[in-house]
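Asks: After the structure tokens below, expect a handful of questions from me.
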Amino acid sequence: MKPSIIVSRPIYPEVIERLRTHFDVTAHQTDPEWTPQTWTQALSQHDGALTMGIEPVNDTVLAACKRLRICANLSVGYNNFDVPAMTRHGVLATNAPDVLTETTADFGFALLMAAARRVTEAERYIRAGQWQKWTLDMLPGMAVHGSTLGIIGMGRIGQAIAKRGALGFGMRVLYHNRSRLSAEAEAECRASYVSKPSLLQEADHVVLVLPYSQASHHTIGAAELALMKPTATLVNIARGGIVDDAALAKALLTRQIAAAGLDVFEGEPSVHPDLLKATNVVLTPHIGSSTRATRLAMAHLAADNLVAFFDSGTAVTPLNPEVLTRP
Ligand code: 8YV
């Protein structure tokens, strides 16, 4: 009998077809509105799951899912997983890193440039019929080339952004991270390690690329925003909750900082109403990795993990590999 797999939300039909050659697949191609109860009930009927990075897998869920052996996130972020709980329950967790690094770094830069150079504000100006004549001081923005880039969270995506800044835009790159990179890695992305306060004080553009956890909740709040330059921009392509959105909206509306670019939000898909009032913020709906090729690669990597696990007891990108070696 084939193992039984649930795919929590719509994904590319070719990935479903591929999964069907290995598994009995329950696909949800019509995007169900899961509640914690319906999700737990559905998951409990399966041996494995392909999840999108938002469905909770914690002690409460796992207690009801006796058959479950693996959850493969299609995302690199895995804050929907309680990994220690999964390890306790003997359930393998996998994520989908690497394949989205360059695409997401591109998007971080797109938001940085759009915020600094007021791209969406300028477009709204034209669409509102306000452009009557050209003037020298129209919509002045902040320079990107030659400025100082501050990156908080220096994993794969942070390093890819650093390279874009240093090599493409001649930026001075500062970073802050839980652990310092090797001298070799620092040299490769031409980045200097500094404390968080120094980074916030010195950077012209601050980009957030750190994973969400209790420890990174509100990494940027009122106190941190107060350290930033009034000409600075802030970009969040990491996770909602890393920025205190209410405090950021206040800083934008009072011009305490110049601009922001946000792809992720606290409580998304809801967006803080004061952010919607601010004209100096570029808002996008969590599309950092969204090119078809990248999202397809992410889906195939999640499928690779499921296939490797059930075929050979291995995984390509395990988060708790100790589960694989347990008797
Ligand atoms: C995903 C992301 O597309 O990979 C991540 O962690 O934030 C995005 O690239 C999204 O989370 C899928 O749900």
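Asks: Which condition from (1) surrounded by 15 or more Cβ atoms within 10 Å (Cβ to Cβ); (2) closer than 23 Å to residue 205 by Cα; (3) aliphatic (A, V, I, L, M) is the one that residue 298 breaks?
Replies: Residue 298 satisfies every listed condition except (2).
Asks: Out of all the residues in region 74-89, is one or more away from the ligand (no atom under 16 Å from the Cβ), surrounded by fewer than 22 Cβ atoms within 10 Å (Cβ to Cβ), over 24 Å from the mean Cα position of the chain (by Cα) and assigned by TED's automatic domain parsing to the domain that holds residue 321? Let's see the steps before the verdict.
Replies: Pass one, region 74-89, residues away from the ligand (no atom under 16 Å from the Cβ): 82, 84-89.
Restricting the remaining residues to those that are surrounded by fewer than 22 Cβ atoms within 10 Å (Cβ to Cβ) gives 82, 84-85, 87-89.
Restricting the remaining residues to those that are over 24 Å from the mean Cα position of the chain (by Cα) gives 88-89.
Still in the list and also assigned by TED's automatic domain parsing to the domain that holds residue 321: 88-89.
Yes, region 74-89 contains a residue that is away from the ligand (no atom under 16 Å from the Cβ), surrounded by fewer than 22 Cβ atoms within 10 Å (Cβ to Cβ), over 24 Å from the mean Cα position of the chain (by Cα) and assigned by TED's automatic domain parsing to the domain that holds residue 321.
Asks: Out of all the residues in region 104-118, which are of a type in the set (Gly, Ala, Ser), within 16 Å of the ligand (Cβ to nearest atom) and buried (at least 21 other Cβ atoms within 10 Å of the Cβ)?
Replies: Keep residues of region 104-118 that are of a type in the set (Gly, Ala, Ser), which gives 105, 108, 110, 114-116.
With the extra rule that they be within 16 Å of the ligand (Cβ to nearest atom), the set shrinks to 105, 108, 110.
Those that are of a type in the set (Gly, Ala, Ser), within 16 Å of the ligand (Cβ to nearest atom) and buried (at least 21 other Cβ atoms within 10 Å of the Cβ): 105, 108.
Asks: If you check residue 29 against the conditions, is it more than 15 Å from the ligand (Cβ to nearest atom), more than 26 Å from the chain's Cα centre (by Cα) and either closer than 30 Å to residue 160 by Cβ or polar (S, T, N, Q) (or both)? Break it down into steps so the answer makes sense when it comes.
Replies: Details: more than 15 Å from the ligand (Cβ to nearest atom): yes; more than 26 Å from the chain's Cα centre (by Cα): no; either closer than 30 Å to residue 160 by Cβ or polar (S, T, N, Q) (or both): yes.
The answer is no for residue 29.
Asks: Could we say that residue 100 is under 27 Å from residue 267 (Cβ atoms) and at pLDDT 95 or above here? If you could, list the steps in order and put the result at the bottom.
Replies: Details: under 27 Å from residue 267 (Cβ atoms): yes; at pLDDT 95 or above: yes.
The answer is yes for residue 100.
Asks: From the list 293, 247, pick out the single residue that is over 11 Å from the mean Cα position of the chain (by Cα), within 14 Å of the ligand (Cβ to nearest atom), farther than 17 Å from residue 112 by Cα and outside any loop (DSSP other than H, G, I, E, B).
Replies: On the way: 247 fails: within 14 Å of the ligand (Cβ to nearest atom).
Sole residue among the options that is over 11 Å from the mean Cα position of the chain (by Cα), within 14 Å of the ligand (Cβ to nearest atom), farther than 17 Å from residue 112 by Cα and outside any loop (DSSP other than H, G, I, E, B): 293.
Asks: Only one of these is surrounded by 19 or more Cβ atoms within 10 Å (Cβ to Cβ) and over 22 Å from residue 239 (Cα atoms): 191, 187, 128. Name it.
Replies: Values: 187 fails: surrounded by 19 or more Cβ atoms within 10 Å (Cβ to Cβ); 128 fails: surrounded by 19 or more Cβ atoms within 10 Å (Cβ to Cβ).
Going through 191, 187, 128 in turn, the sole match is 191.
Asks: When residues of region 40-64 are filtered for being closer than 19 Å to residue 97 by Cβ and of a type in the set (Val, Ile, Thr), how many remain?
Replies: Here the count works out to 3.
Asks: Here's another thing I want to ask about it. Can you tell me which condition residue 301 does not meet? The list is (1) under 30 Å from residue 23 (Cβ atoms); (2) not assigned by TED's automatic domain parsing to the domain that holds residue 9, and all the others hold.
Replies: (2)
Per-residue answers, yes or no, for (1) out of contact with any His (no Cβ under 6 Å at 6 or more places or on another chain); (2) assigned to a strand (DSSP E or B); (3) surrounded by fewer than 19 Cβ atoms within 10 Å (Cβ to Cβ):
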| site | (1), (2), (3) |
| --- | --- |
| 271 | yes, no, yes |
| 282 | yes, yes, no |
| 285 | yes, no, yes |
| 302 | yes, no, no |
| 306 | yes, no, no |
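Asks: For residues in region 48-69 being among the aliphatic types (A, V, I, L, M) and in a helix (DSSP H, G or I), which is surrounded by the fewest Cβ atoms within 10 Å (Cβ to Cβ)? Quick ask: steps written out before the conclusion?
Replies: Pass one, region 48-69, residues among the aliphatic types (A, V, I, L, M): 49-50, 52, 54, 57, 61-64, 68.
The next check asks that each one be in a helix (DSSP H, G or I); those that pass are 61-63.
Values: 61: 22, 62: 22, 63: 12.
Residue satisfying both the conditions and the ranking: 63.
Asks: Residue under question is residue 234, and the condition is that it be hydrophobic (A, V, I, L, M, F, W, C), assigned by TED's automatic domain parsing to the domain that holds residue 205 and free of Cβ contacts under 8 Å to residues at least 24 places away in the same chain; does it hold? Reasoning before the result, please.
Replies: Values: hydrophobic (A, V, I, L, M, F, W, C): yes; assigned by TED's automatic domain parsing to the domain that holds residue 205: yes; free of Cβ contacts under 8 Å to residues at least 24 places away in the same chain: no.
No; evaluated as a whole, the condition is false for this residue.
Asks: Just give me the residues in region 51-73 being among the hydrophobic types (A, V, I, L, M, F, W, C) and within 13 Å of the ligand (Cβ to nearest atom), in sequence order.
Replies: Taking region 51-73 first, the residues among the hydrophobic types (A, V, I, L, M, F, W, C) are 52, 54, 57, 61-65, 68, 70-72.
Hits for region 51-73 are 52, 54, 72.
The values are calculated or read from the model by the stated rules, or taken from the named source; none is laboratory data. What you see is a predicted model; the values in this text were computed from it and never measured. Backbone-built Cβ (ideal geometry, glycine too); neighbour counts: all protein chains shown.
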